[in-house]
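Asker: Shown below is the structure under consideration.
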Amino acid sequence: MSTPTLTAVLGDITTQRVDAVVNAANTAMRGGGGVDGAIHRAGGPAILADCIRRFPHGLATGDAGWTTGGDLPARWVIQVVGPNYAGGQRDRALLASCYRRALEVADELHAASIAFPLISAGVYAWPKTDAVDAAVTTLRATPTHVRDVRIVAFDAATHRMVEDRLARKEQPRTMDR
Ligand code: ADP
């Protein structure tokens, strides 16, 4: 176990050439909008079929599990369910858990590279600066065998925020304390 290389990428997560891409799914695990919709569209019906087979009762908030990557360049999709900030789920530990659990699942799969979206930062409306901080802080603090960890931002402003946060050393967080 060691610390992986953590990089910011601007683009569409569905085109990433990595062993596993992470999907910001929902508890029902039957597809949705945002990055979830993009991954199911690009990966084809094999992903939904695997979701139904492997997650008959869905997945809990903060947890992670894997499915095939279907037609994606990635071999696997690591499905996570972020907390729905807009819906009142504001426990930051659940957001951190998504990143930590996804790396645990990646280790089970012996994945060497993984690409994350900014979990909960879209429809679920987690405040962007804190969503970036939770991603970077947790990914830096979690021991893993994965060598190449990417945070993929879909727009230039968010990408800049991730780059700026990566350039900073760890700082004590004051929020939620
Ligand atoms: P959530 O419901 O967890 O908030 P969303 O899919 O709505 O998930 O958004 C999560 C983040 O993923 C947002 O920052 C959104 O801009 C981004 N996103 C949406 N589509 C893509 C994509 N194809 N590739 C990378 N990031 C994406």
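The values are calculated or read from the model by the stated rules, or taken from the named source; none is laboratory data. Computed from a predicted structure; not experimentally measured. Note: ideal-geometry Cβ built from the backbone for every residue, glycine included; neighbour counts use all protein chains shown. The accessibility values were calculated without ligands, DNA or RNA, using every heavy atom of the protein model including side chains. Shrake-Rupley method; radii C 1.70, N 1.55, O 1.52, S 1.80 Å.
Asker: How much FRET efficiency would the formula 1/(1 + (r/R0)^6) give for Ser2 and Arg41, where r is the Cβ-Cβ distance and R0 is 35 Å, rounded to 0.05? Numbers along the way, then the final one.
Answerer: On the way: r = 35 Å, r/R0 = 1.01.
Step by step, r from the Cβ atoms, then E = 0.50.
Asker: Can you list residues from other chains, or at least 5 along the same chain, whose modelled amide H is less than 5 Å from the amide H of Ala121?
Answerer: Residues meeting the amide H criterion: Trp126.
Asker: Provide the FRET efficiency to the nearest 0.05 for the Arg54-Asp91 pair, computing r from the beta carbons and using R0 = 25 Å.
Answerer: Approximately 0.45, to the nearest 0.05.
Asker: Also, I was wondering about something else. How would you rank 151-162, 61-72, 86-97, highest first, on the average number of other Cβ atoms within 10 Å across their residues?
Answerer: Taking the mean over residues of other Cβ atoms within 10 Å, the ranking is 61-72, 151-162, 86-97.
Asker: Counting heavy atoms of the protein chains only and a 1.4 Å probe, report the per residue accessible area for the chain as a whole number of Å².
Answerer: Value for the chain: 47 Å² per residue.
Asker: Can you give the charge dipole size of the chain about its Cα centre, rounded to the nearest 20 debye, using +1 on the beta carbon of Lys and Arg and -1 on the beta carbon of Asp and Glu? Spell out each step's value before the answer.
Answerer: On the way: 20 positive and 18 negative charges, 40 e Å.
Value, rounded to 20: 200 debye.
Asker: Indicate, rounded to the nearest 5 percent, the antiparallel portion of the DSSP beta bridges found entirely in the chain. Intermediate values should be presented prior to the final figure.
Answerer: Details: 6 of 24 bridges.
Around 25 percent antiparallel, to the nearest 5.
Asker: Hey, another quick one. Can you tell me the relative contact order of the chain? Whole percent, Cα pairs under 8 Å, sequence separation 6 or more.
Answerer: Over the chain, the number comes to 31 percent.
Asker: Grab the Cα-Cα distance for Ala167 and Asp148, subtract it from 0.36 nm times how many residues apart they are, and report the gain in nm with one decimal.
Answerer: Gain on stretching Ala167 to Asp148: 5.1 nm.
Asker: Also, I was wondering about something else. In whole Hz, what ³J(HN,Hα) sequence does the range 62-76 give by Karplus (6.51, -1.76, 1.60; θ = phi - 60°), x for Gly and Pro?
Answerer: x, 9, 9, x, 10, 9, 4, x, x, 7, 5, x, 6, 6, 10
Asker: Starting from the Cα of Asp12, move 7 Å in the Cα-to-Cβ direction to define the label point; list residues of the range 99-139 whose amide nitrogen is under 16 Å from there.
Answerer: Taking a point 7 Å out along Cα→Cβ of Asp12, the residues of the range 99-139 whose backbone N falls under 16 Å are 117.
Asker: Using amide H atoms built 1.01 Å from N in the peptide plane, name the residues 5+ places from Asp63, or on other chains, whose amide H lies under 5 Å from its own.
Answerer: It is Val81, by chain and number.
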